[in-house]
1. Residues with amide H under 5 Å of L179's amide H, sequence separation 5 or more or different chain, H placed in the peptide plane at 1.01 Å from N; which?
2. Using only Cα positions of the chain, each an equal point scatterer, no hydration layer, compute I(q)/I(0) via Debye at q = 0.08, 0.10, 0.11, 0.15 Å⁻¹ and quote the log10 values to two decimals.
3. At 7 Å along Cα-to-Cβ for each site, give me the label-to-label distance between I18 and M204 in nm.
4. Using 0.36 nm per residue, how much length does the chain from H170 to F132 gain when fully extended, once their Cα-Cα distance is taken away?
5. Restrict the search to region 112-171; then list the trypsin sites (Lys or Arg not before Pro) that DSSP places in a loop and that have at most 12 other Cβ atoms within 10 Å of their Cβ.
6. Among S137, S148, S31, which one shows the highest mean-square fluctuation when the chain is modelled as a Gaussian network with alpha-carbon springs under 10 Å?
7. Could you give each residue of region 159-165 its phi-based ³J(HN,Hα) in whole Hz, using Karplus coefficients 6.51, -1.76, 1.60 with θ = phi - 60°, and x for Gly or Pro?
8. If packing is taken as the mean number of other Cβ atoms within 10 Å per residue, what is the order of 34-44, 100-110, 7-17, 174-184, highest first?
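The numbers here are math on the coordinates, done by the rules we state, and not lab data. Keep in mind that what you see is a predicted model, and the values were worked out from it rather than measured. Using ideal geometry, Cβ is built from the backbone for each residue, glycine included, and neighbour counts are taken over all protein chains shown.
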Amino acid sequence: MFYGLLGAVIGGRFGYMIFYNSGQLLQDPLSIFYFWQGGMSFHGGLLGVLFSCFLLSKQWGFKFFEVMDFIAPYVPIGLGSVRIGNFLNSELLGRPTEVPWGVIFPSDPLGLVRHASQLYQAVGEGIVLLLFMLWYSKKPRPNMAVSSMFLIGYGVVRCFTEAFREPDAHIGLDLFGLLSRGQVLSIPMIAIGLVLLFYSYRNMVKKDETIS
């Protein structure tokens, strides 16, 4: 657990600087170590956790995806908690809206009514994804399938909920103004998850055919 959290923190910071703040990183490479300035990236944190679990699986004698399949169903608990923290701290504001449940955040200099996108993501990444992962992990499935489904599930939820979130001011939208940076980073997660899921079930079918 400790090494997983360490990997998440280090990877989250490195990912934020590389994916979201590369300009500052180029000007001051040491800023990647300025943890006190804030700035974390889920996608970077995920890479950090994957690296930590890879090292631990080698040390403990487990297969890498056995460790990941065990951890994956419970990751949404942390994700939901972080999003609630973002809401309480008035971070990562939503886009302006006229819906009756819109929120005026004290940190917003414009004082606009905005989507509570942090809570949308807390529900999607936390509650919905948690329930789905717990349900799926109880089903008969091959090795690597749970990890693959997490990549797909998180990527889909993130792409959807990002539509309600204000893009980072210093980045804006990517791909001709169509997608946020979070959506751009989540699409490869979905693609990788689909490939791994297909591969895991194909191997299961081959094993069943061999046994029969």
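1. Under 5 Å from the amide H of L179: D174.
2. -0.32, -0.49, -0.59, -1.04
3. Modelled inter-label distance: 3.2 nm.
4. 10.2 nm
5. K138
6. Among S137, S148, S31, the largest mean-square fluctuation in the Gaussian network model of the chain belongs to S31.
7. Working through the residues one at a time gives 4, 6, 6, 4, 5, 9, 9 Hz.
8. Working: 34-44: 16.6, 100-110: 11.6, 7-17: 21.5, 174-184: 15.1.
Ranked from most to least packed, the peptides come out as 7-17, 34-44, 174-184, 100-110.
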